[in-house]
Amino acid sequence: MITFTLAESAVTNSLGRAISLSLVAAEVGEVELWALDDGPAWTGARHFDLPLHRFSPHRLDPLIHRIRNAARHEPVVVWISKGLSPLDRIARAVAGTPRVTVIADFDDDDVSLMREQANASVKTAVHLNVLHRKSPLQVARAQRRTAEAADAYSFSSATLRDTYAERPHPRRTSTIIPHARPTGWLLPERSSRRPGPLRLAYLGTVRPHKGADRILDLVRAMPEIEFSSFSGSFRPDSGGALWHSIGNDATLREVYADIDFTLVPQDPASSAARNQLPSKIVEAAAFGVGLVATPTPVIEEYCAGSYIPVTDWTDAAAVAARIRAADPVALGARLRRVFVERFATEVSAASLEELLGIARRGQRVG
């Protein structure tokens, strides 16, 4: 069996989801990762040993022919991440091909995400006009077309599956495939933390629905800590904390080395945030790093009881007190167990095989 995982962009971090699907698919057969040729590869791709194939939005036929030809020799899975244009056209072109199973994968509430971005500024609203392939309207239309062509669905969480159940998509058999990483990433459990001040980190992208502004207040309330973030993306402006700049060439093991807690604030009023599984949580779990996060439905779905939930980030002193009182080693060990039980690639591979078995028996729902 060979799986073609398709990403709607090579440039953005949406490529990360297609990489995750590729890692899962590699547990059960061969895999080829393909992405829209829209510029330099997303920087996070360098952490994964996966060749990236590209296709032109103006010439889809070579990829379509590659899929059809492969199906002449072995079963083929076409696993489509997000389903934005032009992936919907590929889905429709290969749907119904003998020995080809099309899975539409959804890992974000993309319509709400694009709507929130368009509402953020006039400039963004003009950019994401109704003709743009990433406008809320075009995203909704493309995802529906992809869903109509699919034999089955996968979702990054049960919460997101419930959200998509309200969309005008055909009913299909589905499974939950969280962001996944190989068990080879696991490090031995930490028996103790390094001596010295607590080290906190913010490792996400700076976007409105991710609550990054609250981190500045927290750093000011904890002048005794060390704080890490990626160079050029986010830096505390004051407060006395010692800041560590993480270079873009650092390995993930280097990134998470000696971090006590990673911070994942989210905007609970944002549908995009409520339905998102941040990949940084999966990585923190692999490296046994403690987590401080907003208890969104998805984060609770995976991590309840294994992290410090913060509902109100505006009270920086109260958040700081909870962090100081927590045991980062114990919480890191709990989150590591979540990785073993939920985020390891072989766990999702079993779900994928079960889904394929149902889809290939022709038990399409709807």
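The values are calculated or read from the model by the stated rules, or taken from the named source; none is laboratory data. None of the values given here were measured: they were computed from a predicted structure. Glycine also receives a Cβ, built like all others from the backbone with ideal geometry; neighbour counts cover every protein chain displayed. Surface areas here come from the heavy atoms of the whole protein model, side chains and all, with no ligands, DNA or RNA. Shrake-Rupley method; radii C 1.70, N 1.55, O 1.52, S 1.80 Å.
So, with a 1.4 angstrom probe, what is the percent of accessible area on segment 250-366 that is carbon and sulfur? Whole-percent figure for carbon plus sulfur exposure: 49. Ligands, DNA and RNA are left out, and with a 1.4 angstrom probe the accessible area of the chain is 42 Å² per residue.
Under a Cβ-only charge scheme (Lys and Arg +1, Asp and Glu -1), can you give me the dipole magnitude of segment 236-318 about the Cα centre, in debye to the nearest 20? Let's see the in-between values first.
On the way: 3 positive and 11 negative charges, 34 e Å.
Result for segment 236-318 is approximately 160 debye, rounded to the nearest 20.
With unit charges on the beta carbons (Lys and Arg positive, Asp and Glu negative) and the dipole taken about the Cα centre of the chain, which residue among 157, 222, 125 sits farthest to the positive side? Toward the positive end, the furthest listed residue is 125. In plain terms, if you count all Cα to Cα distances in the chain and split them into 10 Å steps from zero, the share in each step is 5, 24, 33, 24, 11, 3, 0 percent. Span-like helix criteria (full DSSP H runs; alpha carbon extent of at least 18 Å along the helix axis; mean Kyte-Doolittle hydropathy of at least 0.0) are satisfied in the chain by 345-360.
Computed over the chain, the per-residue total of -39500 (n - 2.57) for DSSP H runs of n ≥ 4 gives a 222 nm mean residue ellipticity of -11000 deg cm²/dmol, rounded to 500.
Label separation (residue 300 vs residue 253): 3.7 nm, computed from points 7 Å beyond Cα along the C-beta direction.
Counted over segment 247-341 with a bin width of 10 Å, the fraction of Cα pairs per bin, in whole percents, is 17, 48, 32, 3. Rolling a 1.4 Å probe across all protein chains gives residue 11 an accessible area of roughly 60 Å².
Between residue 314 and residue 171, the contour length at 0.36 nm per residue exceeds the alpha carbon distance by 47.4 nm.
Comparing Cα centroids, segment 107-156 and segment 286-316 end up 27 angstrom apart.
Shown in residue order for segment 309-315 are the 3J(HN,Hα) couplings computed by the Karplus curve 6.51 cos²θ - 1.76 cosθ + 1.60 at θ = phi - 60°: x, 10, 7, 10, 7, 6, 8 Hz (x for Gly and Pro).
For residue 246, the residues whose modelled amide H falls within less than 5 Å of its own, excluding neighbours fewer than 5 places apart on the same chain, are 229, 230, 231.
Assign one of three labels to segment 46-199, namely rounded, prolate or oblate, based on the Cα gyration tensor with a ≥ b ≥ c the square roots of its eigenvalues; rounded applies when a/c is under 1.5, prolate when it is not and a/b is larger than b/c, and oblate otherwise. Intermediate values should be presented prior to the final figure.
Working: a/c = 1.78, a/b = 1.23, b/c = 1.45.
Here segment 46-199 falls in the oblate category.
With a 1.4 Å probe and all protein chains left in place, how much of the accessible area of segment 65-162 comes from carbon and sulfur atoms, in whole percent? Solvent-exposed carbon and sulfur of segment 65-162 make up 53 percent of the total. Dipole size of the chain about its Cα centre, with +1 on Lys/Arg Cβ and -1 on Asp/Glu Cβ: approximately 820 debye, rounded to the nearest 20. When only alpha carbons are used to place a centre, segment 9-29 and segment 33-56 end up 9 Å from one another. Potential lengthening of the chain between residue 321 and residue 133 amounts to 63.1 nm, from the contour at 0.36 nm per residue minus the alpha-carbon distance.
Residue 125 to residue 243: extension gain in nm, 0.36 nm per residue of separation minus the Cα-Cα distance? List each step's numbers first, then the result.
Details: separation 118, 0.36 × 118 = 42.48 nm, distance 3.48 nm.
Length difference between fully extended and current span is 39.0 nm.
Within the listed set 172, 337, 193, the residue fluctuating most in the Gaussian network model of the chain (springs between alpha-carbon atoms under 10 angstrom) is 193.
Comparing 17, 133, 167 in a Gaussian network model of the chain, where Cα atoms under 10 Å apart are tied by springs, the biggest mean-square fluctuation is seen for 167.
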